[in-house]
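Okay, so here's the structure we're looking at.
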Amino acid sequence: MVWLHVALVLVRELVRAAAAPLRVLLYLPFRHHWRRVAREVLDGVAHGDGSDDDPARSLATFLAQRRPRRPGRPHVFVSAGEASGEAHAARLVQALGPGVRVTAFGGAPLAAAGADVRFQLSEHAVMGVVGVLKQLPLILRAFATFLRQLRDDPPDLVVLVDYPGLHVVMAKAARRAHVPVLHYVAPQYWAWGPWRMRRYRRAVDATLTILPFETAFFARFRVPASYIGHPLLDELAAHPPAADAVAAVRARRTLVLMPGSRRAEIEANLPGMLAVARALRAREPGLRVVLPHKNPRRTVLLRERLAAHDAGFVEHHEGELAPWLAGARLVLVKSGTGSLEACLHEAPTIVVYRLRGMLGTLGYHNILSVPWIAAANLIAGRAVVPEHCFHGEHGWAEVQRDAERLWFDEAARATMQRDLAEVRRRLGAPGATARVAAIVRKFLEGQEP
């Protein structure tokens, strides 16, 4: 019966994938409506009219689903599909402590945190349609394992961390089995494809957001949601950059390049970033150019690409990013979590996203609902950092103009740093993991968060 269920779900998801172009076409006539909704939400939050983020109120319908206590420890199932999500999940398991039994899909970090890992999911993270097709047997085995878990060892609560593709399918299966579902790190459906929100509402009982404006979007679709803070704030509080390391970076005017973490991103963004660096060096030959990176698996690729572009002037450093971001005069970064991390260090920042192919370009111009792609701009409700999203090579000239302005214009730099300090204040205090753990405990035991 398990594999029959898997087969039926596979057929359903294949039909959904085949219908995706039609869904996009049906969305296009309404795109201006959704952009207007997005603008209203961002403006409202920017002026202090955001949704209620007190979990006792915003998650009331979810918390009301508490089951009668069963003998033994409460049982929570946690799933993480990729490395960053697993870091959040592992911290959550540690915060819940030994009083909660945790089974999980993930990898070594979740096991080290004390979870009983039933399937090695995060160590085989997949992205995009091609990645899903390549790993389809693994995904089907993971789903079958989850169905057996729901049948043989049902948890009191399922907590799914990020990774909405597979996790939405798992959430629907859990709800059919009458197991409540909490999604930690809400998907960015508010930016790409709001038509998916209806399906999402049917799949999860509540969602936890890490950007303050997101709860208002989900409230529009009657999805119980609460803002719990951004995990980056927890990392910065737990591991602040050493003052002497930051001072060493500031001792020489430093340009930091962050082209992305995936091979395709590096190959798309690094050449243009190097061209901008060369232009700045032509005006200030003594400036320092650094490419820091946390992922040791990318070291060989980065050094090969630097050599191929005759960029011996660039220093490559493997390890923590914080000292470089805190001490940089300017950061040139690909859109994503790294761009928000740079902004939280209040470093003058330029965000880039180089589109690949005609479909990406059409999607950006016709499907994107929000007016910006940089998290700092979305949080502020206005453009506080320059962002450039473009196809081809022509966009790098505009990036270069902004880089020269922010490198040499002290007034522009000071304005941006004040704006970034405001962005950090809007994110609130650290403690995202503790807040999620408190919500889970309240659901399991009736404790006040």
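The values are calculated or read from the model by the stated rules, or taken from the named source; none is laboratory data. The structure presented is a predicted model; accordingly, all values stated were derived computationally and were not measured. Glycine also receives a Cβ, built like all others from the backbone with ideal geometry; neighbour counts cover every protein chain displayed.
Computed quantities for the displayed model
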{"item": "Scope the stretch 20-31; condition at pLDDT 85 or above and either surrounded by 11 or more Cβ atoms within 10 Å (Cβ to Cβ) or within 24 Å of the chain's Cα centre (by Cα) (or both); matching residues", "result": "ARG31"}
{"item": "Helices (runs of 4 or more DSSP H) enclosed by the stretch 359-449 - at least 2 residues per element that are in contact with a Cys (Cβ under 7 Å, 6 or more places away or on another chain), among the β-branched types (Val, Ile, Thr) and closer than 23 Å to GLU341 by Cβ", "result": "none"}
{"item": "Matching residues, the stretch 161-184, being within 18 Å of GLN65 (Cα to Cα) and charged (D, E, K, R)", "result": "LYS172, ARG175, ARG176"}
{"item": "Any hit, the stretch 333-343, residues being surrounded by 14 or more Cβ atoms within 10 Å (Cβ to Cβ), of a type outside the set (Gly, Ala, Ser) and in a strand (DSSP E or B)", "result": "yes"}
{"item": "Failed item, numbered, when TYR353 is tested on (1) touching a Cys at 6+ places or on another chain (Cβ under 8 Å); (2) within 29 Å of ALA60 (Cα to Cα)", "result": "(2)"}
{"item": "Some residue of the stretch 215-226 being β-branched (Val, Ile, Thr) and farther than 17 Å from VAL333 by Cβ", "result": "yes"}
{"item": "Single residue of PRO430, PRO386 found to be out of contact with any Phe, Trp or Tyr (no Cβ under 6 Å at 6 or more places or on another chain) and more than 30 Å from GLY360 (Cβ to Cβ)", "result": "PRO430"}
{"item": "Verdict on ASP156 being in the same structural domain as PHE62 (by TED's automatic domain parsing) and among the charged types (D, E, K, R)", "result": "yes"}
{"item": "Residue match in the stretch 191-203 (condition: in contact with a Lys or Arg (Cβ under 7 Å, 6 or more places away or on another chain), free of Cβ contacts under 8 Å to residues at least 40 places away in the same chain and of a type in the set (Ser, Thr, Tyr))", "result": "no"}
{"item": "Residue list for the stretch 71-112, filter: of a type in the set (D, E, K, R), crowded, with 18+ Cβ neighbours inside 10 Å and under 24 Å from ARG148 (Cβ atoms)", "result": "GLU82, GLU86, ARG101"}
{"item": "Only one of ARG12, ARG35 that is in contact with a strand residue (DSSP E or B) (Cβ under 9 Å, 6 or more places away or on another chain) and either at pLDDT 85 or above or in the same structural domain as ARG148 (by TED's automatic domain parsing) (or both)", "result": "ARG35"}
{"item": "Members of the stretch 91-114 found to be of a type in the set (Gly, Ala, Ser) and either farther than 12 Å from VAL161 by Cβ or modelled with pLDDT under 95 (or both), listed by number", "result": "ALA95, GLY97, GLY99, GLY106, GLY107, ALA108, ALA111, ALA112, ALA113, GLY114"}
